[in-house]
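A.B. asks: Would you mind keeping the following structure in view while I ask a few things?
The values are calculated or read from the model by the stated rules, or taken from the named source; none is laboratory data. Everything quoted here is computed from the prediction, not taken from an experiment. Virtual Cβ from ideal backbone geometry, glycine too; neighbours counted across all protein chains shown.
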């Protein structure tokens, strides 16, 4: 198959791009970047996670430019990212450094440090709030003031608390396997194409930047029987983690000489998955393994679904699509899947004509075996 | 004060502190801009808690600047698009590298700012703990 260059569309394309701008402007309203940043937290988090670029400001800009189309916003972010240099790799971010804003467990009622709900939609009525139609800035300011006054009576902590993981307590009891710290340098999938079978680091990187809907759907499919993982959520955490980088000069590589550069917000999940293993007496015994999920921002559904898929792919099994790493990892990326699907609407005149010619020839009965 | 601690204070705290400290150096010394504030990426390496292995979660946008004072190069790096702060951090870094006398005076200001940051973080966490669940088993 070959491609045949054609021309004649330039003016139409220019007019189409102008029309696109017209569609964005015709309502004569401007949405400010700061408005998107202040009010569209969920969208920003999703765009940052799927584009694998943490920048709330650029995510808000991409949402504005894409008129709210997630796939277009993620594409814009990925494209922008490819224009930037990458001068640094961070030091390893250790999970226990998270400053927790929300932390719940579906496995234990009483977890050391307690369950902190933070900000969540989980307990809201899913009814449209018609009051938001006439929302007023002054009323919001008054609400904020009242809320601040409510918080004034709270007794401050003496210092910030960092919470150990729920799983750490279970490991101390010997209920979960302990793993030695593994400092094998990870593979970066943005530098090296996926080769199957993949390493764990590659799988986690692909999953964390996967399209939210796809990650969720495939995780759900596993629960429904297209996989063999049905976990209980051990812990969901939302919070910020600090980022440090090493000085480029090797003489200044001590921990105290590192740069603190800021923090990022993430959602992190550990799911407990029951599995049957044979013991020394060749009898089946119930054990637990951990599925791991994490993503930029607050996106708990995605992180939980990722933890299911992580566990699925740790036990490859071609009988189940969600345990097939080629099936999962090659179809989960937003830019790759939306890009390929949407390219189908671009001109395929020659390939289609060639197929038509074949059918015409068949219909005319001029196939080689008849002549 | 070492870099790790002071950058934590200067980035997490009131940005006016970095501005003030950098300004005091600009007023007295020649600061040569080596690299004007520019945007770039840092790839974030994480440890996952299931098997204790490492992976890359993704990239974060940063602003980086480099400044030279008395033949000593200072680097400023900060998450986000923060040109001014990146340059101020680079100036402060160069001042420490050149061991300028001002840096000794800064110590108490930085420690004071650090205490404010810790207090604010603890307050924010205490506020969030209003959403902590207090389970009670019900009689049925």
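A.B. asks: When you scan region A:64-95, how many residues do you find that are more than 7 Å from every other protein chain (Cβ to nearest Cβ) and exposed (fewer than 14 other Cβ atoms within 10 Å of the Cβ)?
C.D. replies: 6
A.B. asks: Please go through region A:265-301 and pick out each residue that is farther than 21 Å from residue B:52 by Cα and touching a residue at least 24 places away in the same chain (Cβ under 8 Å).
C.D. replies: A:297, A:298, A:299, A:300, A:301, listed by residue number.
A.B. asks: Go through region A:328-346 and count every residue that is closer than 13 Å to residue A:210 by Cα and not in a loop (DSSP other than H, G, I, E, B).
C.D. replies: Step one: list which residues in region A:328-346 are closer than 13 Å to residue A:210 by Cα, which gives A:328-338.
Okay, now just the ones that are also not in a loop (DSSP other than H, G, I, E, B), so A:328-329, A:333-338.
Result for region A:328-346: 8.
A.B. asks: Right, another one. Return only the number of the condition from (1) within 10 Å of chain A (Cβ to nearest Cβ); (2) surrounded by 20 or more Cβ atoms within 10 Å (Cβ to Cβ) that residue B:74 does not satisfy.
C.D. replies: Condition (1) is where residue B:74 drops out.
A.B. asks: Also: For residues that are more than 27 Å from residue A:314 (Cα to Cα) and more than 10 Å from chain B (Cβ to nearest Cβ), tally how many sit in region A:241-274. Spell out how you get there, then give the answer.
C.D. replies: So in region A:241-274, the residues more than 27 Å from residue A:314 (Cα to Cα) come out as A:242-264.
Imposing the further condition that a residue be more than 10 Å from chain B (Cβ to nearest Cβ) reduces the set to A:246, A:250-251, A:253.
Residues in region A:241-274 being more than 27 Å from residue A:314 (Cα to Cα) and more than 10 Å from chain B (Cβ to nearest Cβ): 4 in total.
A.B. asks: In region A:100-121, what residues are under 20 Å from the mean Cα position of the chain (by Cα) and within 11 Å of chain B (Cβ to nearest Cβ)?
C.D. replies: Once the filter is applied, which keeps residues that are under 20 Å from the mean Cα position of the chain (by Cα) and within 11 Å of chain B (Cβ to nearest Cβ), region A:100-121 yields A:100, A:101, A:102, A:103, A:104, A:119, A:120.
A.B. asks: Another question about this same structure. Mind checking which residues of region A:285-296 are over 30 Å from the mean Cα position of the chain (by Cα) and surrounded by 10 or more Cβ atoms within 10 Å (Cβ to Cβ)?
C.D. replies: Going through region A:285-296, the residues over 30 Å from the mean Cα position of the chain (by Cα) turn out to be A:285-286.
A:285, the sole residue that qualifies.
A.B. asks: Taking the options A:323, A:315, name whichever one is farther than 22 Å from residue A:212 by Cα, in contact (Cβ under 8 Å) with a residue 12 or more places away in the chain and in the same structural domain as residue A:269 (by TED's automatic domain parsing).
C.D. replies: Just one listed residue meets the conditions, A:315.
A.B. asks: Which residue, of A:71, A:96, A:149, is modelled with pLDDT under 95, within 30 Å of residue A:189 (Cα to Cα) and in a helix (DSSP H, G or I)? First the steps, then the outcome.
C.D. replies: Details: A:71 fails: modelled with pLDDT under 95; A:149 fails: within 30 Å of residue A:189 (Cα to Cα).
None of the other options fit; the residue is A:96.
A.B. asks: Okay, moving on. Taking region A:182-201 on its own, how many of its residues are in contact with a strand residue (DSSP E or B) (Cβ under 8 Å, 6 or more places away or on another chain) and either modelled with pLDDT under 95 or part of a helix (DSSP H, G or I) (or both)?
C.D. replies: 2
A.B. asks: Separate question: Residues that are without any contact (Cβ under 8 Å) to a residue 60 or more places away in the chain, part of a strand (DSSP E or B) and touching a strand residue (DSSP E or B) at 6+ places or on another chain (Cβ under 9 Å): does region A:240-259 have at least one?
C.D. replies: Taking every residue of region A:240-259 in turn, at least one turns out to be without any contact (Cβ under 8 Å) to a residue 60 or more places away in the chain, part of a strand (DSSP E or B) and touching a strand residue (DSSP E or B) at 6+ places or on another chain (Cβ under 9 Å).
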